[in-house]
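This report concerns only the one structure given below.
The values are calculated or read from the model by the stated rules, or taken from the named source; none is laboratory data. None of the values given here were measured: they were computed from a predicted structure. Glycine gets a Cβ as well: all are built from the backbone with ideal geometry, and neighbour counts include every protein chain shown. Calculation scope for accessible area: heavy atoms of the full protein, side chains included, ligands and nucleic acids excluded. Shrake-Rupley method; radii C 1.70, N 1.55, O 1.52, S 1.80 Å.
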Amino acid sequence: MENCFNMTPLCPDANNTLGTVCIFGTGDFGRSLGLRLLQAGYSVVFGSRNPQNSSLLPKGAQVLSHVEAAQTSRVIFIAVHRENYEFLSAFSQELAGKVLVDISNNLRKNQYPESNAEYLAKLLPQANVVKAFNTVSAWALQSGSLDASRQVFVCGDCESKQMVMDIARSLGLIALDQGSLLAANELENYPLQLFPLWRLPMYIATGLTAAFFIYCVLTDVVYTFVTEGKNISYRIVVSIANTIFPIVSLIMLALCYLPGVIAAILQLYNGTKYKRFPNWLDKWMLCRKQLGLVALAFAFLHVLYSLVIPIRYYVRQRQNIYTISLVKDNKTLTFDSAMSWRSDSFYTLGILGFGLYVLLGITSLPSVSNMVNWREFRFVQSKLGHITLLLCTAHTLVYGWNKFLYLSRYKWYLPPAYVLSLIVPCIVLVLKLILITPCVDRVITRIRQGWERKSVHDRSGQPLI
Ligand code: NAP
């Protein structure tokens, strides 16, 4: 196996710079990279089809023909689109033994049968191709190391890769070794992704919001209009919104913990942890953090909307009307201590639930999660997470109290929305409760430590003969 350490970086040259780096192509990326290399202390030589046209290039850089430029440096950045790589085969002799850095990206994922870097390596078999810098934009290079992504993923053979990683580090970037050139395809697909892990949580949040909005408008606004002829559509803006936000938040929080519960049940059922989970479960598990953060955003909205309740015109007006009617009818209000318990418990559960919710959100931030060990992370995300779910579910249960017993609450025989929001959390909590009972927990722990139940079926589910 090749040793990746102690490789010689570019040596300082006669001008006392860090060495000379060559860039083929004087376009946006080539110019930004050239400027950055010059600022870091390298000599930069551009290889161009039009060496005489150097007006836009950074001051201090040289522009030569491709052949002349290639002779000045061991490392050559190919800042040209893949579609134009063909011209390089004319310089195969000059480029033999050079480290060619392929920085190219495509317009679509898997656009070509092989990665651009592998294609370049095929065109120039005597050169050493390294894939790097394709995830850094020309803008990021120009705007300094504090802006945009500073990570440079590098793959290729060991010695060449080390030289490119040294250059990246001397530009103030974080070089991450991604292995051999086989990883190039993945690196090329990476900048084409659009929030892949956020997609499912966003779809779920949008779907739940739309479904509950329709449900609430139907059972509240439309029902009142049809049965009483009253227009209470003003409730859509705050009252109905503040019904939907906690519902979506609670269901999404439960959906964060449901895949873990399903995974444990599957492991119990299979009697092994070595059988793969179905793809949908894998995908679901991968986006739990995003699910939780979207849920937290809805919880924040719920808190903000709840804070404005006392200053709402509709609420103040209702209170005034009620007080005046008491005075008119000469009635006295009696203090109901059961009601006081109920409302205080409701607020306390909500506040504690929200506090832990925020803690979960904070610990999912990379800067925080990098500071805790695996056990601490699991403690917060799993134990405190389930407690958060328990508190938020209890908050909703206390809100509902005995309302579900009254038939008048079932508009058109439909249950109140909060009842629906309790289904998934209650299922998750009950299943979790069963899973943490000592007899079940013991089996799961053994399975997770590698123990397998003897089975009459093999791992693919086929009966053993
Ligand atoms: P660009 O502005 O279009 O520049 C490409 C350069 O390639 C041209 O300036 C030209 O330089 C050379 N060229 C054009 N046609 C050629 C041909 N037929 N034969 C030989 N050379 C030719 O493109 P760019 O934005 O700099 O991107 C260059 C590469 O970097 C691409 O592969 C891109 O995917 C990758 N990249 C770009 C960015 C970015 O932010 N722009 C980010 C990551 C990766 P001369 O006239 O001097 O020969």
Inset, instruction - Diagonalise the Cα gyration tensor of the chain and give the resulting equivalent ellipsoid semi-axes, square root of 5 times each eigenvalue, largest first, whole Å. - result: 60, 30, 20
Legend entry - Note, ³J(HN,Hα) from phi for region 135-141, Karplus 6.51, -1.76, 1.60, rounded to Hz, x at Gly and Pro: 8, 9, 8, 4, 5, 4, 5
Inset, instruction - Place a +1 charge on the Cβ of each Lys and Arg in region 192-304 and a -1 charge on the Cβ of each Asp and Glu, then give the dipole magnitude about the Cα centre in debye, rounded to the nearest 20. - result: 500
Inset, instruction - Sticking with the crude label model, points 7 Å out along Cα→Cβ, report the distance from Ser149 to Leu107 in nm, one decimal please. - result: 2.1
Inset, instruction - Please grab the % of Cα pairs in region 196-448 that end up more than 29 Å from each other. - result: 40
Legend entry - When each of Lys122/Lys283; Lys230/Lys403; Lys59/Lys109; Lys230/Lys331; Lys275/Lys383 is checked by Cα-Cα distance, pairs over 30 Å: Lys122/Lys283; Lys59/Lys109
Inset, instruction - Return the long-range amide H neighbours of Gly179 (sequence gap of 5 or more, or a different chain), with a cut-off of under 5 Å between placed amide H atoms. - result: Gly156
Inset, instruction - Working from the alpha-carbon coordinates of region 218-290, get Rg over Rh, Rh being the Kirkwood radius. - result: 1.31
Inset, instruction - Only helical DSSP H runs with n ≥ 4 go in: add -39500 (n - 2.57) per run for the chain, normalise by residue count and round the 222 nm mean residue ellipticity to 500 deg cm²/dmol. - result: -15500 deg cm²/dmol
Legend entry - Amide H contacts of Thr20 (H built 1.01 Å from N, under 5 Å, at least 5 apart or other chain): Ser43
Inset, instruction - Report the accessible area of Cys392, computed with a 1.4 Å probe over the heavy atoms of all protein chains in place, in Å² rounded to the nearest 10. - result: 20
Legend entry - the chain, dipole about Cα centre (Lys/Arg Cβ +1, Asp/Glu Cβ -1), debye to the nearest 20: 1980
Inset, instruction - Could you run the Karplus curve 6.51 cos²θ - 1.76 cosθ + 1.60 with θ = phi - 60° over region 166-174 and give me ³J(HN,Hα) per residue in whole Hz, x for Gly and Pro? - result: 5, 5, 4, 5, 6, 8, x, 9, 9
Inset, instruction - Report in % the part of the accessible area of region 123-189 that belongs to carbon and sulfur, leaving out ligands and nucleic acids; probe 1.4 Å. - result: 50
Inset, instruction - Take Trp341, Trp412 and sort them by solvent-accessible surface of the protein heavy atoms, 1.4 Å probe, largest at the top. - result: Trp341, Trp412
Legend entry - Local electrostatic count at Val443 - Lys and Arg +1, Asp and Glu -1, tallied over other residues with Cβ under 15 Å: +4
Legend entry - Surface per residue (accessible, 1.4 Å probe) for region 196-448, Å²: 61
Inset, instruction - Just read off the accessible area of Lys161 with the full protein assembly in place, 1.4 Å probe, to the nearest 10 Å². - result: 10
Inset, instruction - If a/c stays under 1.5 just call it rounded; otherwise compare a/b with b/c (prolate if a/b is bigger, oblate if not). Do that for region 20-192, with a ≥ b ≥ c from the square roots of the Cα gyration tensor eigenvalues. - result: rounded
Legend entry - FRET efficiency for Ile321 and Leu218, using Cβ-Cβ distance with R0 set to 22 Å, rounded to 0.05: 0.25
Inset, instruction - Set the Förster radius R0 to 30 Å, insert the Cβ-Cβ distance between Glu114 and Asp282 as r into 1/(1 + (r/R0)^6), and round the FRET efficiency to 0.05. - result: 0.65
Inset, instruction - Determine the gain in length on full extension of the stretch Phe300-Lys230; use 0.36 nm per residue of separation and subtract their C-alpha separation, reporting nm with one decimal. - result: 22.0 nm
Inset, instruction - Select from Val75, Leu64, Val154 the residue farthest towards the positive end of the dipole of region 20-192; place +1 on Cβ of Lys and Arg, -1 on Cβ of Asp and Glu, and compute about the Cα centre. - result: Leu64
Inset, instruction - Report the calculated FRET efficiency for Ala338 and Tyr274 (r = Cβ-Cβ distance, R0 = 56 Å), to the nearest 0.05. - result: 0.55
Inset, instruction - Express in Å², to the nearest 10, the accessible area of Met371 obtained by rolling a 1.4 Å probe over the protein heavy atoms while all chains stay in place. - result: 150
Legend entry - the chain: relative contact order as a whole-number percent, Cα under 8 Å and 6+ apart: 11
Legend entry - In Hz, Karplus ³J(HN,Hα) per residue of region 395-408 (6.51, -1.76, 1.60; θ = phi - 60°; x = Gly, Pro): 4, 6, 5, 5, 4, x, 6, 9, 4, 5, 7, 8, 4, 4
Inset, instruction - Could you tally the net charge around Val294, taking each other residue with its Cβ under 14 Å from the Cβ of Val294, Lys/Arg +1 and Asp/Glu -1? - result: +3
Legend entry - Assigned charges on the beta-carbon of Lys, Arg, Asp, Glu; region 159-246 dipole about Cα centre (debye): 400
Legend entry - Solvent-accessible area, 1.4 Å probe, carbon plus sulfur percent, for region 196-448: 69
